[in-house]
Amino acid sequence: MRIPNFMYRLLTIAFLIGMVPVIVVGFVSYWIAKTDIETKVKEANLQILKQNQLRVEQTVKNLEFSAMQYAGSSLVTEAIKNPLTPKDFQKTRDLSRGLYNLQATDGIKEIYLINFEQDWIVRNSGVISMDAFEYEEELQAIDRQHNKKMYWMMTENPLSEDTVNLVVHLPLYFNTGAPKGLLVIEMFKSELFSPLIDEPSGHFMVLDKSGRLIISSRGSDAFTTQGMISSLQAGSSFLNVVADGGKWGGSRLMSAYNQWVYVAFTSIAEITEQSRQIKTITLYTCLIMLVLIAVAAFFGSRSMYSPIRRLFQYTETASMPEAEPGSKRDEFAVIEQRFRTLFETEQLLKQQVKEQFPRMREFLVLQLFAERLSPDEWLYKCKSFGFPIHWKHYAVIALQIDTLQGTKYAENDRNLLMFAINNIAEDMVQNDNWFQPMLLDQSQVTILSTDQSDRDAAMLSFHEVSERIKAKVAEFLGIQVSIGISAPYSEITKTKQAYKQSLEALQSRFRLGNDIILHYDDTHLYRESENYIYADLKQIKNDLIHAFQLADEPKVEELVRKYLSVIVDRKLHFKEYRVLMEQLLSKLYELIQEQGESAHKVLGADVLEGDWKRLTRTEDIVRWLEEQVSAPIRAFLSEREQSKISNVANEMAKIVHEHYDRDITLEYCAERLHFHPVYLSRVFKKQYGVNFTDYIAEFRMDKAKTMLEQSELKVSEIAEKLTYQNTTAFIRTFRKVVGVTPGKYRESNRK
């Protein structure tokens, strides 16, 4: 029997409503029981690990206490000050007796009482000199590694791999800087950590406070990888890992006494052995409950479906539209299909109209600026598309960015800023203006409209809209802009002429300043016709060239400002100002070329391409002339006055200072400076009074002395840093330049 679609859904939902709680309760019950068992086992393992840790720490504390008593005794304190030979029988016997007492602790391999200053060692075999001891260099290294009075060397033991060392600096109770001697106690790792090694099951490891492995049980290779140790060092008390082909539970314990980390691993399979029976019982119980829920869901769904089935049978007998082929023939398919089709058709039509309307607006605005529409064509298109035509006056406003100097934006952000400004203008006027704002060249352009018949009232309305746009740009973008407003006009087809008027109004910024709104009717640009202005400007240009040649920086800045003030004060037209500026720049280009260099190389491409034409304020132009033109020309002329020999020699010295750790030769400098090696050698000798090779050696030896004084680098490491592949050659050169060997130099400067 085929189950109807809607009844199938009811059955599925009812089954899921009953099934999910059963599965969740069963899983949670099993998980709680399993977790409780695992927690108890882990806590028991952690308690055992704690007991073993306390045993190890007790051994460590006892040994440290005994070592401190012996090292602080008057016998050792006096002995460390004096020489000792095998002939000093009584003193040797007393010191050895103390060493024998320390060896009462199980697991001690060897004890050394060392005196660096008096060159003797007391050990189990008697008194020997430092030179006769096979681990002399290792003990010297131990002496320099730590500043603490007493510490353990757990890893990288220089004396033996199977032992750990307790090291005590002597004398114990006096702060004397570098220690005079050491008390070194070697103890077998296996004896120190015997409580852990004797544990019959699982795996263990011990890490020092730096995360380095001290000891691990046999067969624990899978647990001693670097990645595993890194995760254990700062982990929690319990952790789960996968290693050695199975899952393991780890108990982690950090010692508060010496920050050693103790870790013991137990197989998860052994831990979860007790929870398997609970898992089986829980599974069978859940299955039985699911069967009962399925039966109840079937009969309950069939009872709830009865009224829906009767309603569906009634709607099929009524006059209803045929269902589309392939559609699901369930209870609500016919009604759903009809409403869905109507809704989708309506949405599609709305979307098409919405998408096309802005494009039609933008297209018509572009035609207005291009003067491609006659009055009759404009009227026809407005009526065809349902656009309003009742406005009495229009005006074009053109908005331009004044300057990006002193803002958080760069010049390459200008296009993006113009796009943002256009969006702001569109948001500001879209409610009461039909015309689409646009970007034309370097301006944001908007056609404003009003239904006010009075011309002055229309101008006031256009000015208020411009002020709102300007304020919003300053608020959201933080930049200054100026806006030019055309004269009001009543025929929309004169938009192109109005656009030119708005741009011409903006050109008055050069005379009136930035951050303003300019009306075309209020701008009075006129040209003063006195001929003597050009004579004045010519004299200023000649004086400016002379000031450049004399490198008189204050005079240069004064004449630049004077040149621009003459143009501004005489109220020349904006286009005439550009011509006069180009004449000034042409004179400066000629000055550079007379010195045998191209203006492109001295000033750069941006200056020659006329990026100054974007500037609108006298202050910005003066700053641009100072930074982009005047400063480079002064530097160029000053460079011509310097001695070539001095420049080349200084460049060679600079190469030595910056690349002393490389193989530097005259050929290397010649390749970089484009001169012959023989010429460079002669120039350097003349400038500095020494050969180039000797200069390099002296500079490197100065660096070597600094490294010997301020670092712990070995002599071989310093030689390698200074490109000496042979340490003997470095020592020979150091002795030749400084007078002593590197070792003696370090020793004398340390003292």
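State which residue is most open to solvent (accessible area, probe 1.4 Å) when the search covers only segment 1-54 and only residues that are at pLDDT below 80 and basic (Lys, Arg).
Checking each candidate, the answer is 2.
Residues in segment 125-146: is at least one aromatic (Phe, Trp, Tyr), modelled with pLDDT of 80 or more and open to solvent by 60 Å² or more (accessible area, probe 1.4 Å)? Before you say what the answer is, go through the steps one by one.
At the first step, the residues of segment 125-146 found to be aromatic (Phe, Trp, Tyr) are 133, 135.
Restricting the remaining residues to those that are modelled with pLDDT of 80 or more gives none.
Within segment 125-146, not a single residue is aromatic (Phe, Trp, Tyr), modelled with pLDDT of 80 or more and open to solvent by 60 Å² or more (accessible area, probe 1.4 Å).
Test residue 687 against the stated conditions and say whether it is outside any helix (DSSP H, G or I) and open to solvent by 70 Å² or more (accessible area, probe 1.4 Å).
No: the conditions fail for residue 687.
Check 60, 76, 22 and return the single one that is touching a residue at least 60 places away in the same chain (Cβ under 8 Å) and over 30 Å from residue 179 (Cα atoms). Break it down into steps so the answer makes sense when it comes.
Numbers: 60 fails: over 30 Å from residue 179 (Cα atoms); 76 fails: over 30 Å from residue 179 (Cα atoms).
Step by step, each of 60, 76, 22 is checked, and only 22 is touching a residue at least 60 places away in the same chain (Cβ under 8 Å) and over 30 Å from residue 179 (Cα atoms).
For the subset of segment 615-635 comprising residues that are at pLDDT below 70 and among the hydroxyl-bearing types (Ser, Thr, Tyr), which member is nearest to the chain's Cα centre (by Cα)? Lay out the reasoning, then the answer.
In the first step, residues of segment 615-635 are kept if they are at pLDDT below 70; the result is 615-620, 622.
Filter once more, keeping what is among the hydroxyl-bearing types (Ser, Thr, Tyr): 616, 618.
Values: 616: 38, 618: 40 Å.
This residue is 616.
Does residue 52 count as closer than 22 Å to residue 204 by Cα and touching an Asp or Glu at 6+ places or on another chain (Cβ under 8 Å)? Steps first, please.
On the way: closer than 22 Å to residue 204 by Cα: yes; touching an Asp or Glu at 6+ places or on another chain (Cβ under 8 Å): yes.
Yes: the conditions hold for residue 52.
Can you name the residue in segment 706-716 that is at pLDDT below 85 and among the charged types (D, E, K, R) and, of all such residues, is least open to solvent (accessible area, probe 1.4 Å)?
709
Which ones in segment 599-614 are open to solvent by less than 50 Å² (accessible area, probe 1.4 Å) and either touching a strand residue (DSSP E or B) at 6+ places or on another chain (Cβ under 9 Å) or at pLDDT 65 or above (or both)? Steps first, please.
Within segment 599-614, the subset open to solvent by less than 50 Å² (accessible area, probe 1.4 Å) is 599, 602-605, 607, 610, 612.
599, 602, 603, 604, 605, 607, listed by residue number.
Return yes when residue 44 is among the aliphatic types (A, V, I, L, M) and in contact (Cβ under 8 Å) with a residue 24 or more places away in the chain and no when it is not.
Working: among the aliphatic types (A, V, I, L, M): yes; in contact (Cβ under 8 Å) with a residue 24 or more places away in the chain: no.
When the stated conditions are applied, residue 44 does not pass them.
Just a yes or no: is a residue in segment 722-730 in contact with a Phe, Trp or Tyr (Cβ under 6 Å, 6 or more places away or on another chain) and not in a helix (DSSP H, G or I)?
Yes, because at least one residue in segment 722-730 is in contact with a Phe, Trp or Tyr (Cβ under 6 Å, 6 or more places away or on another chain) and not in a helix (DSSP H, G or I).
Whether any residue in segment 79-90 is exposed (fewer than 12 other Cβ atoms within 10 Å of the Cβ), assigned to a helix (DSSP H, G or I) and of a type in the set (D, E, K, R) is what I want to check. Can you show your working first?
Just the residues of segment 79-90 that are exposed (fewer than 12 other Cβ atoms within 10 Å of the Cβ), to begin with: 83, 86-87, 89-90.
Filter again for assigned to a helix (DSSP H, G or I), leaving 89-90.
Applying the additional criterion that residues be of a type in the set (D, E, K, R) yields none.
Checked segment 79-90: no residue is exposed (fewer than 12 other Cβ atoms within 10 Å of the Cβ), assigned to a helix (DSSP H, G or I) and of a type in the set (D, E, K, R).
Looking only at segment 175-216, which residues are of a type outside the set (Gly, Ala, Ser) and at pLDDT below 75? Outline the logic, then answer.
Within segment 175-216, the first condition is being of a type outside the set (Gly, Ala, Ser), and the residues that meet it are 175-176, 179-180, 182-189, 191-193, 195-200, 203-209, 212-215.
Matches in segment 175-216: 175, 176, 195, 196, 197, 198, 199, 200.
Quick one: residue 62 ticks every box in (1) out of contact with any helix residue (DSSP H, G or I) (no Cβ under 9 Å at 6 or more places or on another chain); (2) open to solvent by less than 40 Å² (accessible area, probe 1.4 Å) bar one, so which box is it?
Exception for residue 62: condition (2).
Just give me the residues in segment 105-141 being in contact (Cβ under 8 Å) with a residue 40 or more places away in the chain, farther than 22 Å from residue 172 by Cα and either in a strand (DSSP E or B) or touching a Lys or Arg at 6+ places or on another chain (Cβ under 9 Å) (or both), in sequence order.
Passing the criteria: 107, 109, 126.
Look through segment 545-567, keep the residues that are within 25 Å of residue 509 (Cβ to Cβ) and aliphatic (A, V, I, L, M), and return whichever of them is modelled with the lowest pLDDT. Break it down into steps so the answer makes sense when it comes.
Let us first name the residues in segment 545-567 that are within 25 Å of residue 509 (Cβ to Cβ), namely 557-567.
Now restrict to residues that are aliphatic (A, V, I, L, M): 559-560, 564, 566-567.
Numbers: 559: 77, 560: 75, 564: 72, 566: 72, 567: 68.
Applying the filter and picking the extreme gives 567.
So is residue 694 of a type outside the set (Phe, Trp, Tyr), in contact (Cβ under 8 Å) with a residue 12 or more places away in the chain and open to solvent by 60 Å² or more (accessible area, probe 1.4 Å) or not? Step through it out loud before you land on a result.
Working: of a type outside the set (Phe, Trp, Tyr): yes; in contact (Cβ under 8 Å) with a residue 12 or more places away in the chain: no; open to solvent by 60 Å² or more (accessible area, probe 1.4 Å): yes.
It is false that residue 694 is of a type outside the set (Phe, Trp, Tyr), in contact (Cβ under 8 Å) with a residue 12 or more places away in the chain and open to solvent by 60 Å² or more (accessible area, probe 1.4 Å).
Checking the condition under 30 Å from residue 294 (Cβ atoms) and of a type in the set (D, E, K, R), which residue from 55, 9, 93, 97 passes?
Numbers: 55 fails: under 30 Å from residue 294 (Cβ atoms); 93 fails: under 30 Å from residue 294 (Cβ atoms); 97 fails: under 30 Å from residue 294 (Cβ atoms).
Result of the check over 55, 9, 93, 97: 9.
If you check every pair at least six apart or on different chains, which have Cβ atoms under 9 Å apart with a residue in segment 649-677 that is closer than 28 Å to residue 718 by Cα first and a residue that is part of a loop (DSSP other than H, G, I, E, B) and of a type in the set (S, T, N, Q) second?
660/723; 661/723; 662/723; 663/723; 664/723
Among the listed residues 418, 438, identify the single one that is in contact with a helix residue (DSSP H, G or I) (Cβ under 8 Å, 6 or more places away or on another chain) and of a type in the set (A, V, I, L, M).
Details: 418 fails: in contact with a helix residue (DSSP H, G or I) (Cβ under 8 Å, 6 or more places away or on another chain).
Just one listed residue meets the conditions, 438.
The values are calculated or read from the model by the stated rules, or taken from the named source; none is laboratory data. This is a predicted model, so every value here is computed, not measured. Neighbour counts are summed over all protein chains in view; Cβ atoms, including those assigned to glycine, are modelled from backbone coordinates with ideal geometry. Heads up: the accessible areas ignore ligands, DNA and RNA and are worked out on the full protein's heavy atoms, side chains in. Shrake-Rupley method; radii C 1.70, N 1.55, O 1.52, S 1.80 Å.
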